[in-house]
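Nothing in this text is a laboratory measurement; each read-out follows from the coordinates by a stated rule. Here the structure is a predicted model, which is why all the values come from computation and not from measurement. Methodologically, a virtual Cβ is constructed for each residue, glycine included, from the backbone with ideal geometry; neighbour enumeration extends over all protein chains shown.
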Amino acid sequence: MPQSTSDRMTVEQLAERVGMTVRTIRFYAGRGLIPPPLREGRNGFYGPDHLARLELVRELQAHGFTLSAIEGYLERLPSSASPADVALQRTLLAPWLSDLPETVARDVLEVRAGRALSDDDVELLVALRVVEPTPDEDVFRVSPAHLSVGVAMIDLGLPLDAAVEAERLFESHAREIARELTDIFRQKVLPHYRASGESAEAITAMVERFKPLTVQALVTAYESAVNETKRETVRRRT
């Protein structure tokens, strides 16, 4: 994908943006995890595609993938995948990542965000739980896996009160769903597998395989409910 001049970064700027060292980026490039930079004379420039793929690499690392597993994962992505396509892969992984916040100064946060952040922007990121304030007003704890999503919400002009209310709604329902699913697993699923003589390791592996299925079931149910709500709204109007 051609890079616009405003999107171009040197390897040093890319390293600062993604929170890696230049040496690490060059190592990943040598292993084929990111495409070669765009060459202009002796200079190499990087763009959104490189940034998206490196963020996915970091996501996979946080998820416990080995380097060889990451290589295999990225090999299955088509070379034509856009930065948005790669970001979607990160979204699919993010719900099961441990919360691994970093503590950064505000100027570093802005570099990671790829833009200047007003006080209102920071307040929105706090409301979305992407950023947590610290006793030092210019230092924040940030969830790297979710920062790009938070910045996208800023760019869309999401009202702060809507973010606060949506977060409250999702959290309350998510906690209730989590409790009920845990009860089902403890009362029905776990006794079944224990009675079958499965080892603890096998049960653990089974639970891990259930995770993406659970996410997909929740997404499917939510999509179905949203579509039904739309249909009901249309019926009322007609």
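Some points to look at:
- Charge tally in the Cβ shell below 14 Å around A81, where Lys, Arg are +1 and Asp, Glu are -1, A81 excluded: -1
- The range 43-59 - phi-based ³J(HN,Hα) in whole Hz, Karplus 6.51/-1.76/1.60, Gly and Pro as x: 9, x, 10, 10, x, x, 5, 5, 4, 5, 5, 5, 5, 5, 4, 5, 5
- Value of D in µm² per second that Stokes-Einstein yields for the chain, Kirkwood Rh from Cα pairs, at 20 °C (1.002 mPa s): 103 µm²/s
- Net lengthening on full extension, E171/R235 (0.36 nm per residue, minus Cα-Cα): 20.0 nm
- Kirkwood hydrodynamic radius of the range 53-177, from inverse mean 1/r over distinct Cα pairs, in Å: 15.8 Å
- Crossing angle, helix 144-155 versus the chain [Cα axis fit, 0-90 degrees, rounded to tens]: 80 degrees
- Rounded to whole Å, sorted largest first: equivalent-ellipsoid semi-axes of the range 5-94, Cα gyration tensor: 21, 14, 12
- Coarse-grained scattering of the range 102-155 at q = 0.25, 0.31 Å⁻¹, given as base-10 log I(q)/I(0) from a Debye sum over alpha-carbon atoms: -0.95, -1.62
- Estimated [θ] at 222 nm from DSSP helical runs (n ≥ 4, -39500 (n - 2.57)) normalised by residues in the chain, nearest 500: -20000 deg cm²/dmol
- Each peptide in 55-68, 27-40 gets a packing score, the mean of other Cβ atoms within 10 Å over its residues, and the list from highest to lowest is 55-68, 27-40.
- Sequence-ordered 3J(HN,Hα) estimates for the range 217-224 from the Karplus curve with 6.51, -1.76 and 1.60 and θ = phi - 60° stand at 5, 5, 4, 4, 5, 5, 4, 4 Hz, glycine and proline given as x.
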